[in-house]
Amino acid sequence: MTLIKSISGIRGTIGGAPGEGLSPIDIVKFTYAYCEKMRQRRPKADGERYKVVVGKDARLSGDMVEHLVCGTLIACGVDVVKAGFASTPTTEMAVTFEEADGGIILTASHNPKQWNALKLLNEKGEFLNAAEGAAILECAEQEDFTFADVDSLGNIEEKDFTDQHIDAVLALPAVDVEAVRNAHFKVALDAVNSVGGIIMPRLLERLGVECVCVNCDPTGQFAHNPEPLPANLVELCDAVVANKADLGVSVDPDVDRLALICEDGKPFGEEYTLVSVADYLLSRVYNEALESGKSLDEVAAPYRMTTSSNLSSSRALRDVTEQYGGEYTAAAVGEVNVTTKMRECGCLIGGEGNGGVIYPALHYGRDAMVGVALFLTNLAYKKMKVSELLATYPQYVIAKNKIELSDKALIDKILDEVKKVYAAEDINTIDGVKISFESRKEWVHLRRSNTEPIIRIYAEAATKEAADALAQQIIGIADSIIK
């Protein structure tokens with residue numbers, strides 16, 4: 001059994017002893033600590049009620065975890081809005097719809113069915129920052145819990161926010177519903193038998209898109225490894241070709257990651273989900289600026305002509321951004337780090353290379369729903385096949401490796417040595433060590449694991465061979481230290 005406690009929440013496998021798996025005791029303690037810190041973060045006058053939204057994906061343990069979380073919130077005197085089956089972005093938006101004090105999402109995202117997790121939101125429907133998460137972890141270890149008396153217990157109500165989320169997506173000026181309808185797209189959808197099978201077909205129907213459903217029953221019995229990677233999407237690739245679909249769409253169990261399949265059954269590449277959406281939004285601003293004579297930032301207002309993604313994401317986003325006269329900035333890995341950087345820079349669009357699109361005009365969270373709507377709008381305007389659209393973008397390949405160590409103390413020694421060897425290159429140390437080789441548009445990023453003596457290595461180049469060679473250079477340096 002596994003239980004991982006981190007500043008972003010608590011995640012683990014169901015069953016086992018407390019502290020070893022995601023047990024009822026761990027769930028209650030963590031939910032209690034969330035309530036305590038929420039009150040400190042948002043003090044209220046006596047008699048004023050706190051409200052928290054709770055949503056879940058369709059995994060098998062969802063009901064059990066939901067009962068425990070909602071029961072604990074009520075016992076803490078907190079009113080609960082139970083969103084039921086709801087995607088992560090839907091739950092995030094529901095917090096703002098309800099003007100709630102926070103939210104808890106019950107999902108282990110792309111992890112297999114034996115996993116579940118509590119992901120914690122603030123009053124903006126955004127993930128807590130590192131300091132807030134650390135405070136909750138510390139509070140959960142205390143033993144002197146005090147719950148509300150019978151007259152102060154919280155209340156519970158159930159609401160479905162699916163249509164509100166869809167309405168908000170379709171109301172965006174950048175989403176051209178008429179253009180998508182007129183394109184008469186056919187899409188094959190793999191929702192891995194989770195909540196994407198509820199919300200995504202409804203969005204596509206509203207857009208006038210014919211939807212061929214693959215694994216869209218929200219049973220929680222995942223038909224394949226739920227991470228939307230090419231190796232796990234063979235069935236979807238076959239369905240695209242067999243049904244002569246214009247594209248394939250895959251989402252993870254909580255619908256915050258989006259992967260696409262070209263009309264020929266080949267992967268579009270999860271790194272290019274964000275790139276394609278950014279290309280559309282940036283070109284939209286660029287063309288309007290040309291026509292109006294205004295500056296790019298004037299047209300983009302209240303945002304700026306800037307983009308952001310984490311350090312391990314493809315530089316294709318940077319290339320596309322600069323092509324339109326915009327500015328790209330990198331963030332540390334982790335959604336909250338990307339959204340923080342996006343706020344600082346006023347980014348028009350941003351996200352993560354794992355298929356995570358963050359569009360601030362809707363909300364600051366990864367959202368496959370808005371990603372699909374924007375992608376289809378772009379495709380309708382371009383009047384291209386998906387494979388043809390992919391060919392218009394800078395082509396890079398990312399190689400992923402890792403170094404397993406017997407001693408965590410070796411991690412810093414290796415990172416320091418890498419910085420010395422590549423001192424003449426562009427070095428970024430906001431999250432591990434990233435070396436950028438600007439002359440040949442390549443980079444390598446080294447990150448330490450938070451839970452194991454491991455260094456993860458991500459390397460990008462124009463070809464797989466070049467990316468692998470770059471990673472092997474780093475592994476060679478590490479081997480010299482280990483020996």
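What are the lysines whose alpha-carbon lies under 22 Å from the alpha-carbon of Lys44, with same-chain residues fewer than 8 places away excluded? Correct list for Lys44: Lys124.
Quick check on the stretch 3-160: take the gyration tensor over C-alpha atoms, sort the square-rooted eigenvalues as a ≥ b ≥ c, and tell me if it's rounded (a/c under 1.5), prolate or oblate. Rounded, because the longest to shortest axis ratio a/c is under 1.5. If only the Cβ of Lys and Arg carry +1 and only the Cβ of Asp and Glu carry -1, the dipole of the stretch 229-367 around its Cα centre is close to 280 debye.
When the listed pairs Lys434/Lys464; Lys408/Lys434; Lys420/Lys464; Lys420/Lys483 are checked against a 23 Å cut-off, the alpha-carbon distance exceeds it for Lys420/Lys464.
Listing Lys294, Lys44 from fewest to most neighbouring C-beta atoms within 10 Å gives Lys44, Lys294. The residue list Gly19, Val299, Ala467 was ranked by how far each Cα lies along the charge dipole of the chain toward its positive end, using unit charges on Cβ atoms, and Ala467 comes out on top.
Gain on full extension, evaluated as 0.36 nm per residue between Ala361 and Glu404 minus their Cα-Cα distance, stands at 11.3 nm. For the chain, build the charge dipole from Cβ charges (+1 Lys, Arg; -1 Asp, Glu) around the Cα centre, then report which of Met64, Leu374, Leu415 sits farthest towards its positive end. The Cα lying farthest towards the positive end belongs to Leu415. Magnitude of the charge dipole for the stretch 14-94, about its Cα centre and with charges confined to Cβ atoms of Lys, Arg (+1) and Asp, Glu (-1), is about 280 debye. Cβ-Cβ distance of Thr146 and Lys420, R₀ of 35 Å, FRET efficiency by 1/(1 + (r/R0)^6): the value works out to about 0.05. Projecting label points 7 angstrom from Cα along Cα→Cβ for Met64 and Ile454 puts them 2.5 nm apart.
Using a 4.7 Å Cβ-Cβ cutoff, the cysteines of the chain lacking any partner cysteine are Cys70, Cys139, Cys211, Cys237, Cys262, Cys345, Cys347.
Summarising the label geometry, the points placed 7 Å from Cα in the beta-carbon direction at Ala45 and Ala223 lie 5.5 nm from one another. Each peptide among 9-20, 260-271, 46-57 gets the average number of other Cβ atoms lying within 10 Å of its residues, and from highest to lowest they stand as 260-271, 46-57, 9-20.
The length gained on full extension between Ile427 and Ser480, counted as 0.36 nm times the residue separation minus their Cα-Cα distance, comes to 17.0 nm. Each of His184, Ile199, Ala259 was placed along the dipole of the stretch 165-261 (beta-carbon charges, centred on the mean Cα), and the one lying farthest toward the positive end is His184. A simple charge model with +1 on the Cβ of Lys and Arg, -1 on the Cβ of Asp and Glu and nothing else charged puts the dipole of the stretch 397-482 at about 140 debye relative to its Cα centre.
Among the lysines, select those whose C-alpha is under 16 Å from the C-alpha of Lys56, and discard any that sit fewer than 8 residues away in the same chain. Result set, ordered by chain and number: Lys82, Lys113, Lys119, Lys159. Each part gets one Cα centre, and for the stretch 11-33 versus the stretch 191-216 those centres are 33 Å apart. Can you spot the lysines whose alpha carbon is less than 22 Å from Lys186's alpha carbon? Ignore those fewer than 8 places along the same chain. Of all the lysines, those that pass the test against Lys186 - Cα under 22 Å, at least 8 places apart if same chain - are Lys244, Lys266, Lys382, Lys383, Lys385.
Applying both filters, DSSP loop and at most 15 other Cβ atoms within 10 Å, to the trypsin sites (Lys or Arg not before Pro) of the stretch 167-265 gives Lys244.
Every number in this text was worked out from the coordinates using simple rules, so none of it is lab data. As the structure is a computational prediction, the values presented were derived from the model and not from experiment. Glycine also receives a Cβ, built like all others from the backbone with ideal geometry; neighbour counts cover every protein chain displayed.
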